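One structure is given below, encoded as structure tokens.
Values quoted throughout were computed directly from the atomic coordinates according to the rules given, and no laboratory measurement underlies them. Just so it is clear, the structure is predicted and the values come from calculations on it, not from any experiment. No Cβ is skipped: glycine too gets one built from the backbone with ideal geometry, and neighbour counts run over all protein chains shown.
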Amino acid sequence: MKRRKFLQVASVTGAGLAAGCGTGEPDKWMPYLVPNDDLIPGIPTYYASTCRECPAGCGIIVKTREARAIKIEGNPDHPVNRGRLCARGQAALQGLYDADRVTRPMKRNGAVWESVSWDAALGEIATALAAAAAAGANRVACVTGAGNGVADGVTDRFLGAFRSNRRLRYESFAMEPLREATRQVFGTATVPRYDFGAARYILSFGADFLETWLSPTEFARGFAASHGYQQGRMAKYVACEPRRGMTAFSADEWVPPRAGTEHLLALGIANSILRQGKARVSGGEADRLRGFLARFDGATVSAATGVSEETITRLAAEFADAQPSLAVGGGIAGQHRAATQVAVAAHLLNVVAGNVGRTMSLPASSLWDRVSGHADMMRLVQAMDAGDVDVAFVQGANPAFALPGSAGFAAAFGKVRLKVAFVTALDETAQLADIILPDHHFLEAWDAIEPLAGVTSFVQPVMQPVGDSRQASDVLIALAQQAGRTLAGGQPTTQALVAGNRTGLSELLRKGVTGAPAAGRAARATADFARLTYEAAAFDGAEGGLPLIPVPSASLYDGRGANKPLLQELPDPATKIAWQTWIEVHPTTAARLGVRTGDVVRVAAGQAGAEAMVYVWPGIRPDAVAMPIGQGHSAYGRHAQGRGANPAMLLAATATDAAGALAWSQVRVTLEKTGVFRPPATTEGSARQHGRGIARSVAFTAISAGHAGHEEHEPYTAAERRNMEAHEAAKDSAANLGVYAASPTKWEMTIDLSRCTGCSACVTACHAENNVPTVGEDQVARSREMSWIRIERYFEGETDGSAFQVAQIPMLCQQCADAPCEPVCPVYAAYHTPDGLNGQIYNRCVGTRYCANNCPYKVRYFNWWDYGAPNDPRYAFPGALHYALNPDVTVRSKGVMEKCTFCVQRIRHAQNDAKVRGRELVDGEFTTACAQTCPSEAIVFGNARDASSRVARVRQDERGYVVFGQLNTKPGITYLSRVIHGGEGEA
């Protein structure tokens with residue numbers, strides 16, 4: 001009997017035996033009575049919507065299969081992100097299918113939550129609302145997240161029906177200093193528009209514009225367009241901040257001033273521009289600026305900031321000479337007591353250099369204009385504490401977590417007679433409520449928002465609700481009716497409001513967006529900014545302490561992403577740590593304190609304290625420490641609760657800046673050793689390349705002179721050099737291509753390291769597309785992570801000071817033409833396809849791991865456990881998370897090796913579709929998940945045998961190289977060396 005026949009017989013008889021062993025409940029399968037013409041099994045349906053994971057409002061396209069959402073991509077027609085998406089947007093489905101999602105209304109009974117019906121819950125709330133309305137005005141409060149759309153307007157009209165103006169659009173990162181600075185300098189309290197793509201020189205004073213600041217996906221695209229090397233041109237970027245994070249990794253130069261003095265450095269640069277006669281202002285404006293800036297001379301600023309006079313003078317000349325340039329400031333990491341002054345100083349630099357109206361402009365309106373900040377929240381806390389609020393609603397905000405404990409939010413909120421939380425998950429604020437109402441996830445809801453002036457972006461349901469949830473705005477409409485109130489201009493549902501009087505609504509919803517960004521305007525500087533005090537920011541605590549810099553998380557944002565395992569397992573771009581909280585310490589400081597990476601210390605600020613693991617690295621000044629924001633939840637689900645520490649608990653709510661914003665950097669802390677050691681859950685290997693030429697770089701001056709710089713830094717042996725030369729000469733020859741020489745297709749990839757920012761959106765997109773499991777903190781600490789792509793980070797140069805460079809490179813299966821993994825597999829699970837892929841047959845693999853041992857790139861991953869097994873609660877996808885799985889990709893089992901496949905399922909789908917339609921594949925009609933989402937467009941994928949394809953053209957770039965080319969593995973990925981302004985090439 002042949003093996004195939006045996007398996008067929010065994011499967012049938014096995015099924016028959018199993019059927020006779022139980023009496024389970026019968027299932028009834030029924031066909032559609034009327035088949036849906038739009039629903040074809042196996043064929044995806046796509047919906048255009050808007051991402052609400054942060055206030056930026058990126059457009060998205062959601063892929064659904066059999067009425068469930070399985071993948072999110074950027075919307076190419078959307079002016080904010082142009083088809084690209086960040087890691088948080090890629091992980092949004094895990095919020096939709098959250099295992100700890102609230103699926104029914106609940107009411108508090110002591111310390112216990114009890115399920116109630118919607119009618120009972122709404123009846124109780126309506127009664128309380130009627131009583132509050134009878135008691136007078138302003139007895140009802142609503143706290144929501146940022147918004148300016150249809151649903152947001154319903155909340156306004158709801159409060160108006162109850163004669164209340166207690167409305168907060170609360171964001172923990174509300175950008176109050178930036179808005180106040182714009183008012184001080186230009187007379188309008190708004191957030192400016194920034195055009196990174198037009199800038200030829202960028203100065204950043206603590207603005208993490210590639211991570212969490214304003215609109216990072218939009219900015220990444222513009223930044224890559226200007227700073228990415230192309231045709232002999234690229235902008236220079238200098239980061240002026242005491243800590244070097246992911247955004248500053250892309251900087252050509254890092255200039256670290258003392259914490260709290262960033263504004264003084266910026267003003268010193270502006271003064272130097274005027275002194276050098278390079279200012280692009282004249283008349284009375286120039287005289288006014290000259291008089292104000294005169295006190296910020298080089299010697300004074302140098303003494304305050306620790307930055308040399310020579311550096312200040314040089315930066316001023318470079319910034320003024322490169323036209324147009326751009327200065328930005330006002331990020332959360334630099335939000336101290338002088339945060340408004342930092343943003344003012346950045347504005348003044350743009351005024352002096354003539355950038356206003358060119359790379360920076362004032363919009364007609366901004367989504368941020370009505371966002372409430374810390375001062376607004378503290379006023380509401382006072383009102384609640386005084387008993388002036390009878391009914392409070394919270395939706396899309398978590399102030400109990402975001403505010404310092406000293407704000408007294410929990411105690412004041414407890415004095416409100418009825419507290420209602422619209423939530424998808426029980427976070428810290430919801431745990432304080434009386435009634436929980438399950439809210440729609442944004443992928444189940446209707447809305448229309450304005451992310452940019454002149455642009456309307458639609459939010460529409462992509463599937464039926466996962467649980468018994470309702471949209472909060474619809475509930476407010478119903479509550480007003482039950483309480484005997486009428487909303488001004490109200491309609492029965494939010495969907496009807498979105499439809500309104502719009503013509504061609506179906507086409508608008510198909511596209512997902514309408515309108516075009518309104519042109520910004522230039523403005524002249526006023527004199528209001530001179531009223532502020534321009535001194536170094538003060539820090540509370542003993543002089544011997546170290547200023548603490550809380551840093552927003554590129555993945556968790558302000559903590560709202562902490563309930564998503566995909567984001568928890570995404571390594572921090574700077575430290576490469578996942579799942580944990582750490583405190584960053586400079587090597588000099590660590591030696592003085594006697595601590596090492598992994599030591600758990602108590603971070604003490606007066607009577608407050610938190611425990612965190614030490615991470616020693618050179619990316620922070622010796623006289624400061626840094627700690628990420630986002631962990632430390634006491635609620636919010638199994639993946640967030642009880643994990644790490646929240647630095648907000650170390651802060652005083654009364655410490656604010658000139659705009660009333662919470663000063664995140666306000667205290668000095670001491671580090672007290674606990675004697676506990678915790679292995680960091682890190683994906684970092686060596687921090688150095690050891691001369692292996694993995695992530696290469698070249699100086700701008702060198703490549704401009706026609707010198708790519710590859711050979712200078714690789715210590716090849718004679719044999720290695722012969723291999724390299726032979727590979728270069730024969731890489732496209734028929735003899736080298738072997739049995740596949742006649743194949744018209746060879747899939748390859750290029751990755752431009754000058755454009756790659758290390759944001760890790762590709763890592764998350766790969767997880768989501770290819771059903772890559774998350775393994776948890778313990779397994780990551782054992783180096784058993786499963787990510788098919790890792791972003792390797794290396795330090796180059798001496799790390800004693802700030803002159804070192806950071807090299808980053810996405811490392812994935814290189815799809816080698818002469819792959820070392822293939823010949824060592826004893827069962828032929830690893831094989832080569834005719835179109836140039838290193839295939840992996842999962843049901844052949846027996847887990848010897850020989851392939852991983854023989855892979856010089858270390859990009860094969862072994863399933864130590866049966867991740868996703870439905871019958872094993874330890875490893876099964878919890879709750880409904882399995883609904884996010886891609887049905888086109890096999891879920892691998894225990895003992896199986898896996899790796900990047902170049903998204904072979906997408907390749908085969910496109911090939912089959914082209915075959916059915918009787919045509920050839922067109923370059924660019926599909927791409928891999930990583931290339932599709934990359935915000936900076938660093939990754940290009942295609943058929944290298946097609947000379948007209950983009951990948952074939954890019955791989956001929958003079959900067960192109962292959963990693964470990966001397967091994968003669970013939971990789972299918974070509975990297976383009978990073979170009980550094982002022983760099984000396986690779987160390």
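Annotations for the structure displayed:
- Amide H contacts of Ile620 (H built 1.01 Å from N, in plane; Pro and chain starts excluded): Arg244 sit under 5 Å, all sequence-distant by 5 or more or on other chains.
- From helices alone, the chain scores -7500 deg cm²/dmol at 222 nm; the rule is -39500 (n - 2.57) for each run of n ≥ 4 DSSP H residues, then divide by the residue total.
- Debye-sum result for segment 739-881 in log10 I(q)/I(0), which assumes one identical scatterer on each alpha carbon, at q = 0.18 Å⁻¹: -1.24
- Extended-chain gain in nm, criterion 0.36 nm per residue less alpha-carbon gap, Ser704 and Met649: 14.7 nm
- Here the gap between Ala687 and Arg104, fully extended at 0.36 nm per residue and compared with their Cα-Cα distance, gives a gain of 205.0 nm.
- With a Förster radius of 25 Å applied to the C-beta separation of Asp468 and Val112, the computed FRET efficiency comes to 0.80.
- Dipole magnitude (debye, nearest 20) for the chain, charges at Cβ of Lys, Arg, Asp, Glu: 1040 debye
- Phi-based couplings in Hz for segment 786-792 (Karplus 6.51, -1.76, 1.60; Gly and Pro marked x): 10, 4, 6, 10, 10, 9, 7
- Diffusion coefficient (Stokes-Einstein, Kirkwood radius over C-alpha pairs, 4 °C, 1.567 mPa s) for segment 538-677: 85 µm²/s, rounded to a whole number.
- Cut-off under 5 Å, modelled amide H: who pairs with Val669 long-range: Leu546, Leu548
- Note on the chain: dipole from Cβ charges, positive end direction compared against Leu367, Pro680, Cys766; the farthest Cα belongs to Cys766.
- Highest average packing first - 546-554, 344-352, 835-843, Cβ atoms within 10 Å: 344-352, 546-554, 835-843
- Taken over the chain, the alpha-carbon convex hull comes to 195 cubic angstrom per residue.
- Distant-in-sequence amide H partners of Val979 (H built 1.01 Å from N, under 5 Å): Tyr229, Val698, Ser754
- Descending by average beta-carbon neighbour count within 10 Å, the peptides 440-452, 858-870 line up as 440-452, 858-870, the highest first.
- FRET efficiency for the pair Ala869 and Asn165, taken as 1/(1 + (r/R0)^6) with r the Cβ-Cβ distance and R0 = 56 Å, rounds to 0.55.
- Distance between the pseudo-spin-label points of Val922 and Ile40 (7 Å out from Cα toward the beta carbon): 1.8 nm.
- Largest-first ellipsoid semi-axes for segment 176-362, taking √(5λ) over the Cα gyration tensor eigenvalues, angstrom: 22, 18, 18
- From phi via Karplus (6.51, -1.76, 1.60), per-residue ³J(HN,Hα) for segment 749-759 in Hz, x at Gly/Pro: 9, 10, 10, 8, 6, 6, 9, 5, 9, x, 5
- Here the 3J(HN,Hα) profile of segment 377-384, calculated from phi with Karplus coefficients 6.51, -1.76 and 1.60 at θ = phi - 60°, is 5, 5, 5, 5, 4, 4, 5, 5 Hz, Gly and Pro shown as x.
- Relative to the current alpha-carbon distance between Glu798 and His909, full extension at 0.36 nm per residue lengthens the span by 35.1 nm.
- Burial order of peptide ranges 267-276, 65-74, 102-111 (average beta-carbon count within 10 Å, highest first): 267-276, 65-74, 102-111
- Spin-label zone in segment 644-674 - amide nitrogen under 16 Å from a point set 7 Å from the Cα of Glu611 along the C-beta vector: 644-647, 671-674
- Computed FRET value (nearest 0.05) for Tyr828 with Ala522, which takes r as the C-beta separation and R₀ as 60 Å: 0.35
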